[in-house]
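Peer 1: Sharing a structure here in structure tokens format.
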Amino acid sequence: MADENGIGRSESRLASMDSVESRWVFQDDDDDEDDSLMDDDDDEHSRLRRGGGLDSEEEDEEDTAEQRLIRTGPRIDSFDVEALEIPSAHRNDYFYEELGVGRRIILAFQTLGVVFGDVGTSPLYTFHVMFNKAPVNGEEDVIGALSLVLYTLILIPLVKYVLVVLWANDDGEGGTFALYSLICRHAKVNLLPNQLPSDARISSFRLKVPSAELERSLKIKERLETSPHLKRMLLMLVLAGTSMLIADGVVTPAMSVMSAVGGLKVGVASIKQEQVVMISVAFLVILFSVQKFGTSKVGLAVGPALFIWFCSLAAIGIYNLVKYDSSVLRAFNPVHIYYFFKRNSTKGWRALGGCLLCATGSEAMFADLCYFSVRSVQLTFVFLVLPCLLLGYLGQAAYLMEHYSDDLAEHAFYSSVPSGFFWPVFLVANLAALIASRAMTTATFSCIKQSTALGCFPRLKIIHTSRKFMGQIYIPVINWFLLVVCLVLVCSISSITEIGNAYGIAELGVMMTTTILVTIVMLLIWQINIIIVLSFLVIFLGIELVFFSSVLGGVGDGSWIILVFAVVMFFVMLVWNYGSKLKYETEVKKKLSMDLVRELGPNLGTIRAPGIGLIYNELVKGIPAIFGHFLTTLPAIHSMIIFVCIKYVPVPVVPQGERFLFRRVCPKSYHIFRCIARYGYKDVRKENHQAFEQLLIESLEKFIRREAQERSLESDGDDDTDYDDDYSSTRVLIAPNGSVYSLGVPLLGEYKDTSKSISEASTSEEAKIGYPTDSASDAEQSLERELSFIHKAKESGVVYLLGHGDIRARKDSWFIKKLVINYFYAFLRKNCRRGTANLSVPHSHLMQVGMTYMV
């Protein structure tokens with residue numbers, strides 16, 4: 001009877017959830033979430049918990065698990081504070097969609113000033129570099145070079161980025177690591193083994209799980225998850241692309257400023273190259289000094305200036321078309337590209353490196369996407385930026401049709417400006433160049449913050465420059481580091497052609513990485529036709545490889561400096577990721593046994609002093625070894641212990657209501673809990689400690705009340721329990737609509753005071769499904785006692801117990817491992833930002849203990 005009532009209550013609860021969006025999974029999805037890093041005790045409890053009378057059902061379903069896909073209802077995480085309040089998978093509407101007309105105009109100006117400055121200043125140097133590598137010998141060379149530029153602009157910035165890549169954003173975030181985060185959310189490819197199935201229930205995950213019709217996506221997902229080599233290759237690709245993006249942030253300011261200031265040599269004949277370099281250095285110092293004022297302030301200030309710049313490009317282009325030669329419009333016929341290579345052969349191939357410069361800034365459109373909406377970027381590019389650029393290049397070509405001498409071709413833009421407007425255009429061009437230099441710098445900041453959150457870059461001080469847009473950031477250390485490297489590049493390579501070659505190397509490295517990652521997104525997430533995917537990969541990767549072969553030919557001219565810089569950044573990220581992964585795996589292996597804690601008893605073998613101790617660690621499961629270090633080092637331990645794990649999940653933002661996950665680690669009398677505080681890579685962690693404590697305690701009280709009210713929490717087979725009783729069991733219900741639900745019932749012993757004897761489990765069906773036998777009044781008294789205990793502990797004070805776990809390579813390790821761990825990783829860890837800097841906690845509330853692991 002009890003069984004029937006229980007099923008009836010469960011079915012009525014299930015019926016209310018039918019409106020929640022379902023997903024397609026393998027039938028045995030709820031049974032394959034075992035974690036290989038769980039210790040023997042956890043494995044034993046997991047086997048017991050899955051045992052309760054399910055063997056026959058699991059055997060019947062085992063044969064069809066791989067072939068048949070079933071529809072499951074919403075799965076409830078027993079680890080969540082909001083265990084029975086499943087939020088709908090709503091889409092977080094962009095702030096931009098609620099803006100008025102006036103605010104949209106301001107946003108458009110900011111978009112110009114931040115996103116399009118790089119691609120907007122490309123007319124300053126594209127023809128300069130092209131005709132330096134392939135000198136103009138006639139009008140056909142001008143038409144062929146123009147045709148190359150036009151179709152490069154159409155294919156790469158417009159077709160690839162604006163029409164395709166921008167849609168591969170991660171909830172409004174763009175860039176290499178945003179793509180990697182998007183892939184990690186749909187397949188377990190992150191090398192750091194701290195993922196939990198409960199992370200997938202964050203509303204901002206918004207998974208689009210493969211459908212039954214497209215099993216190709218399922219096979220790709222399985223292949224990525226089961227192959228360690230593919231995981232490493234994917235990570236290497238992402239790190240390589242990120243290092244090239246950072247290198248791009250160095251060479252972009254150098255190229256833009258040098259080419260803009262170089263116009264002085266046209267206006268003033270006595271100006272020498274050395275003077276151009278000195279003026280460029282001064283401009284670069286000013287540029288990086290104003291970076292700290294933020295994207296909104298600077299973008300709004302310089303947006304109108306860049307608008308004037310684009311209008312000037314269009315006006316000069318129309319003027320030259322009308323005055324000189326409008327026949328250059330025939331460059332839209334791609335056959336002139338063939339004629340260009342036929343006439344110039346090897347020189348034409350070398351000129352491809354200069355042609356690519358017209359598309360520089362394409363990656364900035366994607367990487368800076370976090371600052372603005374996709375629609376604002378797309379519309380601004382299609383209706384303003386692209387037409388102005390096309391007119392600008394057409395105008396330069398029209399001028400060169402009558403003036404194609406080498407001297408004029410090297411300064412094609414400034415030479416084509418009408419003499420009466422030279423100085424106004426020169427001033428606007430230099431202002432635009434300074435604006436353009438900020439595009440990749442802001443993109444670099446965004447990418448580094450994303451990589452830091454995903455464990456691939458050392459922690460640095462990050463300043464949020466806007467209260468409305470939390471993605472707008474400034475990283476002081478990176479800003480000044482980029483300035484120093486940029487000045488070294490300008491002073492050592494004073495030739496625009498050589499800097500342009502370095503520019504092409506950095507830009508192409510990022511472009512090829514983006515092409516491969518977007519292809520994976522198409523296969524795994526978008527699930528579109530394989531012909532379309534292959535066409536995208538073959539066309540764009542093929543084009544980029546041809547361009548890359550061209551720029552590699554000039555590495556020996558000085559552009560090797562940017563390659564060395566990119567390799568250094570790649571090595572820094574690789575070492576940090578490798579060391580962080582080893583440290584986490586070692587902490588998992590060294591975690592304390594639950595049997596040991598039980599043997600110590602509720603007092604943990606020491607004195608329990610009033611108060612709450614927040615022990616920070618990186619483990620999402622188990623008791624960290626640093627806790628044992630605290631027990632043996634401190635004369636007393638707090639009456640309430642909460643293990644706090646700060647965890648970044650592969651989403652941009654975690655809603656505040658879904659921030660905390662709680663779990664009771666030991667029996668009730670121990671007063672030990674686990675709290676996982678989840679953050680997205682855009683979330684701000686600079687929280688006031690009092691507000692953090694208040695939110696944490698409120699969430700804990702809510703969890704305890706729910707624990708007392710709901711004795712029959714629904715489980716989805718996460719197998720991420722820290723404490724399981726030997727009498728727990730599981731039942732499976734199949735709703736009339738075919739939805740499959742797993743009910744996990746907690747133990748009665750977890751709700752009883754350990755000072756009282758725990759009743760033996762009854763062999764009846766009622767005891768089997770875990771219904772509590774204590775009376776309602778006893779449960780209410782127990783709840784009130786525990787809540788009162790929490791309040792008294794809170795009044796006694798909260799202390800932050802921080803464990804600094806360092807790693808050292810064992811003596812029998814290889815020499816390279818000793819070098820990497822003991823020197824390189826130790827140096828990075830020593831000089832990176834400590835976790836205490838984000839806590840904003842008074843020193844009187846802090847207690848730190850160090851611990852060294854041998855790996």
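The values are calculated or read from the model by the stated rules, or taken from the named source; none is laboratory data. Small disclaimer: the values here were computed from a predicted structure and weren't measured. Note: ideal-geometry Cβ built from the backbone for every residue, glycine included; neighbour counts use all protein chains shown. Areas reflect the complete protein model, heavy atoms only, side chains present, ligands, DNA and RNA absent. Shrake-Rupley method; radii C 1.70, N 1.55, O 1.52, S 1.80 Å.
Peer 1: Restricting to segment 585-601, name every residue that is surrounded by 18 or more Cβ atoms within 10 Å (Cβ to Cβ) and over 37 Å from the mean Cα position of the chain (by Cα).
Peer 2: Val597
Peer 1: Could you check, for segment 165-182, whether at least one of its residues is in contact with a strand residue (DSSP E or B) (Cβ under 7 Å, 6 or more places away or on another chain), in a helix (DSSP H, G or I) and open to solvent by 10 Å² or more (accessible area, probe 1.4 Å)?
Peer 2: Within segment 165-182, one or more residues are in contact with a strand residue (DSSP E or B) (Cβ under 7 Å, 6 or more places away or on another chain), in a helix (DSSP H, G or I) and open to solvent by 10 Å² or more (accessible area, probe 1.4 Å).
Peer 1: Another one. Determine, yes or no, whether Glu693 is part of a helix (DSSP H, G or I), without any contact (Cβ under 8 Å) to a residue 24 or more places away in the chain and either out of contact with any strand residue (DSSP E or B) (no Cβ under 6 Å at 6 or more places or on another chain) or not aliphatic (A, V, I, L, M) (or both).
Peer 2: Answer is no for this residue.
Peer 1: Going by what's in this entry, would Thr441 be described as within 30 Å of Gly263 (Cβ to Cβ) and open to solvent by less than 10 Å² (accessible area, probe 1.4 Å)?
Peer 2: yes
Peer 1: Would you tally the residues in segment 121-149 being assigned to a helix (DSSP H, G or I), open to solvent by less than 10 Å² (accessible area, probe 1.4 Å) and in contact with a helix residue (DSSP H, G or I) (Cβ under 6 Å, 6 or more places away or on another chain)?
Peer 2: Of the residues in segment 121-149, 13 are assigned to a helix (DSSP H, G or I), open to solvent by less than 10 Å² (accessible area, probe 1.4 Å) and in contact with a helix residue (DSSP H, G or I) (Cβ under 6 Å, 6 or more places away or on another chain).
Peer 1: Here's another thing I want to ask about it. Does segment 635-664 hold any residues that are without any contact (Cβ under 8 Å) to a residue 60 or more places away in the chain and either of a type in the set (Asp, Glu) or not in a strand (DSSP E or B) (or both), and which are they?
Peer 2: The answer is Pro635, Gln656, Arg659.
Peer 1: Kindly indicate whether Ser217 is in a helix (DSSP H, G or I), open to solvent by less than 10 Å² (accessible area, probe 1.4 Å) and at pLDDT below 85.
Peer 2: yes
Results for (1) open to solvent by less than 10 Å² (accessible area, probe 1.4 Å); (2) within 31 Å of the chain's Cα centre (by Cα); (3) at pLDDT 90 or above, shown as yes or no for each residue.
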{"position": "Asn344", "(1), (2), (3)": "no, no, no"}
{"position": "Leu356", "(1), (2), (3)": "yes, yes, yes"}
{"position": "Ser362", "(1), (2), (3)": "yes, yes, no"}
{"position": "Leu369", "(1), (2), (3)": "yes, yes, no"}
{"position": "Val377", "(1), (2), (3)": "yes, yes, no"}
{"position": "Pro387", "(1), (2), (3)": "no, no, yes"}
{"position": "Gly392", "(1), (2), (3)": "yes, no, yes"}
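Peer 1: Continuing with this model, one more query. Scan segment 570-585 and report the pairs whose first residue is in a helix (DSSP H, G or I) and whose second residue is of a type in the set (Phe, Trp, Tyr) and open to solvent by 50 Å² or more (accessible area, probe 1.4 Å), with Cβ atoms within less than 6 Å and a gap of 6+ or a chain change.
Peer 2: Taking only residues 6 or more apart or on different chains, the pairs are Val575/Phe824.
Peer 1: Follow-up. Hey, Val142 hits all of (1) closer than 19 Å to Glu507 by Cβ; (2) touching a Leu at 6+ places or on another chain (Cβ under 6 Å); (3) modelled with pLDDT of 85 or more but one; which does it fall short on?
Peer 2: For Val142, the exception is condition (1).
Peer 1: On to the next question. Could you name every one of the helices (runs of 4 or more DSSP H) located completely within segment 333-382 that has at least 2 residues being under 22 Å from Gly117 (Cα atoms)?
Peer 2: Once the helices (runs of 4 or more DSSP H) in segment 333-382 are filtered for at least 2 residues that are under 22 Å from Gly117 (Cα atoms), what remains is 346-355, 362-367, 374-380.
Peer 1: Moving to a separate point now. Taking only pairs six or more apart or across chains, which ones have beta-carbon atoms under 7 Å, a first residue in segment 826-849 that is among the hydrophobic types (A, V, I, L, M, F, W, C) and open to solvent by less than 40 Å² (accessible area, probe 1.4 Å), and a second residue that is modelled with pLDDT under 75 and in a helix (DSSP H, G or I)?
Peer 2: Leu846/Thr836
Peer 1: Being touching a helix residue (DSSP H, G or I) at 6+ places or on another chain (Cβ under 6 Å), assigned to a helix (DSSP H, G or I) and in contact (Cβ under 8 Å) with a residue 24 or more places away in the chain is the filter here, so list the residues in segment 526-556 that pass it.
Peer 2: Within segment 526-556, Phe540, Leu541, Glu544, Phe547, Phe548, Ser550, Val551 qualify.
Peer 1: Considering Phe540, Phe548, which residue is modelled with pLDDT of 90 or more and either among the aliphatic types (A, V, I, L, M) or farther than 23 Å from Phe131 by Cβ (or both)?
Peer 2: That would be Phe540, the only listed residue that is modelled with pLDDT of 90 or more and either among the aliphatic types (A, V, I, L, M) or farther than 23 Å from Phe131 by Cβ (or both).
Peer 1: Can I ask one more? Quick one: how many residues across segment 593-623 are assigned to a strand (DSSP E or B) and within 11 Å of Phe643 (Cβ to Cβ)?
Peer 2: Of the residues in that region, 6 qualify.
Peer 1: Out of (1) buried (at least 24 other Cβ atoms within 10 Å of the Cβ); (2) of a type in the set (A, V, I, L, M); (3) modelled with pLDDT under 90, what's the single condition that is false for Met244?
Peer 2: (3)
Peer 1: Which numbered condition in (1) open to solvent by 10 Å² or more (accessible area, probe 1.4 Å); (2) in contact (Cβ under 8 Å) with a residue 60 or more places away in the chain; (3) not charged (D, E, K, R) is the only one that Val159 fails?
Peer 2: Evaluating Val159 over (1) open to solvent by 10 Å² or more (accessible area, probe 1.4 Å); (2) in contact (Cβ under 8 Å) with a residue 60 or more places away in the chain; (3) not charged (D, E, K, R) leaves (2) as the failure.
Peer 1: Out of all the residues in segment 539-548, which are among the aliphatic types (A, V, I, L, M) and either open to solvent by less than 40 Å² (accessible area, probe 1.4 Å) or over 20 Å from Gly504 (Cα atoms) (or both)?
Peer 2: Leu541
Peer 1: Sticking with this structure for a sec: Determine whether segment 611-619 contains at least one residue that is touching a Lys or Arg at 6+ places or on another chain (Cβ under 7 Å) and more than 30 Å from Thr513 (Cα to Cα).
Peer 2: Yes, there is a match, as at least one residue in segment 611-619 is touching a Lys or Arg at 6+ places or on another chain (Cβ under 7 Å) and more than 30 Å from Thr513 (Cα to Cα).
Peer 1: Right, Lys792: open to solvent by 60 Å² or more (accessible area, probe 1.4 Å) and either of a type in the set (A, V, I, L, M) or not in a strand (DSSP E or B) (or both) or not?
Peer 2: Yes, satisfied.
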